[in-house]
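Since the structure comes first, as structure tokens, the remarks are kept for the end.
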């Protein structure tokens, strides 16, 4: 199989996923409350075995899942993707104990995961993180010093993390975190070495009930839950570390290199849904003595929408196949796939709205929904400008290596 042709079994599976999304997942999505985790929907994804495939399949398989679900139910697609994004560092970098404790719950849909990287002053710049992981002064002891504050005074359980004495305390803020503040655990990126840039970041697996961790929801355009997290001397131990101390930047980039092409797949699924809705509308809509599709200005726009959607799909498949083959140019291909697909989806959905007219702006219309959904992917997991920077950096590095 090449990146440019799917096997019949893959095509059949995509069709099955679209049907499942329309028949079983969409009704659950409709019952959810915007801005909050839809646990019934996540549980259904688990019962269908889709969450388990996040950790047993390759990048192309992930892209096919995300595109197919997005076509019929963007809420289901996002719920699946967020479980994968939040739990992938545990799967790829966690200890046997960490994986055994959390991954079965994630795959069953009974534990909600979240990827906590972004901060108010460090969105796409992961090397500029300011959340501090400071050495714990009370290492295993209980504080009786009133100056430490009443919350910690004479309270042993708050100076000891669940799996042993606290080694660090996390202090600072995370912002624009999907599934926050309702997740059951967070993969948290914190600075363990000051002034070390990307080299001084460590990843911690932090359960939501850890003392000192609070959060609040943010009222965002996107319908899925997004929030901010506040860390007030949250205790973490060596047993909470994912990967190696001060090597968390590798965890972030490894996770993003996998998920960036699949963000593109999400975008392609939305673009295809908008394109198909536009084909049906323009073929049936009477206008100026004929059908809307008979107008050359309309048919040429539809052709451009189809052209860009297919080009984006092929680039997503190529990037995913490169990841699965462990190719050396994965960062560049992943950035290209996310950039092209998300920008394409924005164009296609906007054109679809224009060709549908005012009806597409009514609450509840498919395109009104897609118009709200399509904007965020151009920002999260690295904005379009960041992707262009990655592409240029990789190109120049390759040129200099010749």
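What follows is calculated from the coordinates using simple rules that are stated; it is not laboratory data. Computed from a prediction, not measured in an experiment: that's the story for all the values here. Cβ sites come from the backbone with ideal geometry, for glycine too, and all protein chains shown count toward neighbours.
How do the peptides 281-288, 60-67 rank, highest first, by the average count of neighbouring beta carbon atoms within 10 Å per residue?
Put in order of decreasing packing, that is 60-67, 281-288.
Relative to the first principal axis of the alpha-carbon coordinates of the chain, what is the inclination of helix 59-72, with its axis defined by its Cα atoms, in degrees from 0 to 90 and to the nearest 10?
Approximately 60 degrees, to the nearest 10.
Share of Cα-Cα pairs in region 289-402 beyond 16 Å, in percent?
Of all Cα-Cα distances in region 289-402, 68 percent exceed 16 Å.
Compare the peptides 319-331, 107-119 by average per-residue count of other Cβ atoms within 10 angstrom and give them in order, highest first. All intermediate terms of the calculation are to be shown ahead of the outcome.
Numbers: 319-331: 18.8, 107-119: 23.5.
Going from most to least packed, we get 107-119, 319-331.
Throw me the Rg/Rh for region 49-96, computed over C-alpha atoms with Kirkwood Rh, two decimals.
0.99
From the P(r) of region 8-108, can you give the percent of Cα pairs sitting at distances over 18 Å?
So the portion of pairs separated by more than 18 Å is 45 percent.
Quick one: what do you get for region 255-296 if you divide its Cα Rg by 2.2 N^0.38 Å?
For region 255-296, the normalised Cα radius of gyration is 1.80.
Compute the long axis of helix 330-356 from its Cα atoms, compare it with the longest principal axis of the Cα atoms of the chain, and write down the angle in degrees, 0 to 90, nearest 10.
That works out to roughly 50 degrees.
Whole Å is fine, so just give me how far the alpha carbon centre of region 310-343 lies from that of region 352-402.
The distance from the Cα centre of region 310-343 to that of region 352-402 comes to 14 Å.
Compute the long axis of helix 384-401 from its Cα atoms, compare it with the longest principal axis of the Cα atoms of the chain, and write down the angle in degrees, 0 to 90, nearest 10.
Long axis of 384-401 versus the principal axis of the chain: about 80 degrees.
If I model region 273-353 as equal point scatterers sitting on the Cα atoms and use the Debye formula, what is log10 I(q)/I(0) at q = 0.13, 0.15, 0.25 Å⁻¹?
So the normalised log intensities are -0.49, -0.59, -1.07.
Quick check on the exposure proxy: order 50, 20 from fewest to most C-beta atoms within 10 angstrom.
Numbers: 50 23, 20 20.
By the 10 Å Cβ count, ascending, the order reads 20, 50.
When a footprinting reagent is the concern and you count Cβ atoms within 10 Å, what order do 7, 368 take, fewest first? Let's see the in-between values first.
On the way: 7 9, 368 16.
Final ranking by Cβ density, sparse to dense: 7, 368.
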